[in-house]
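A short write-up of the structure that comes next.
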């Protein structure tokens, strides 16, 4: 059971490493430090029993665990299998569908001018905007477009010192009269 707990714990830590966009001292400390803390905890917990009458079944477990090749093989294999889909997704995303930040970062690592990437992205953005403008003038609104437009409300801000104070607007209507029908 402790092997499965460690394999899952290692998988969670490595997944956190995959999702980390900026590796700082604190992220290294959190990920690698927590893994090291687990190994330290196992070594300490397995030696409690003679001193403290607790967890007698764990006595000597660190020697058995750390000397087992199956443990080390599984410790490498299970998280890799579990994270394989995430790794493939991340590789495809960063090579095929790069964001501008990733493209600039890659050009800086390769010691190339990031201005070329920025200019290319800006041109692509301009082309996209021009295409949208062209489409606005070409197409006629469909019923679905009108329904989407009507579903969106108008947001207004209530001013404290507006041209017409709110108290005058409220007093302009006689609230004792019933509302007209039809709406």
Task: Residue in region 15-24 that is surrounded by 14 or more Cβ atoms within 10 Å (Cβ to Cβ) and under 20 Å from the mean Cα position of the chain (by Cα) present - done: yes
Task: Single residue of 59, 24, 94 found to be modelled with pLDDT under 90 and closer than 30 Å to residue 107 by Cβ - done: 94
Task: Qualifying residue in region 38-47 (condition: more than 21 Å from residue 7 (Cβ to Cβ) and touching a residue at least 12 places away in the same chain (Cβ under 8 Å)) - done: yes
- [ ] Of all residues in region 64-111, count the ones that are surrounded by fewer than 12 Cβ atoms within 10 Å (Cβ to Cβ) and not in a helix (DSSP H, G or I).
- [x] 6
TODO: Working only within region 45-56, note down all residues that are assigned to a helix (DSSP H, G or I) and either at pLDDT below 80 or within 41 Å of the chain's Cα centre (by Cα) (or both).
DONE: 45
TODO: Give the residue, chosen from 38, 32, that is closer than 30 Å to residue 102 by Cα and touching a helix residue (DSSP H, G or I) at 6+ places or on another chain (Cβ under 9 Å).
DONE: 32
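The values are calculated or read from the model by the stated rules, or taken from the named source; none is laboratory data. Values in this document were obtained by computation on a predicted structure and should not be read as measured data. Note that we place each Cβ from the backbone using ideal geometry, even for glycine, and neighbour counts take in every protein chain shown.
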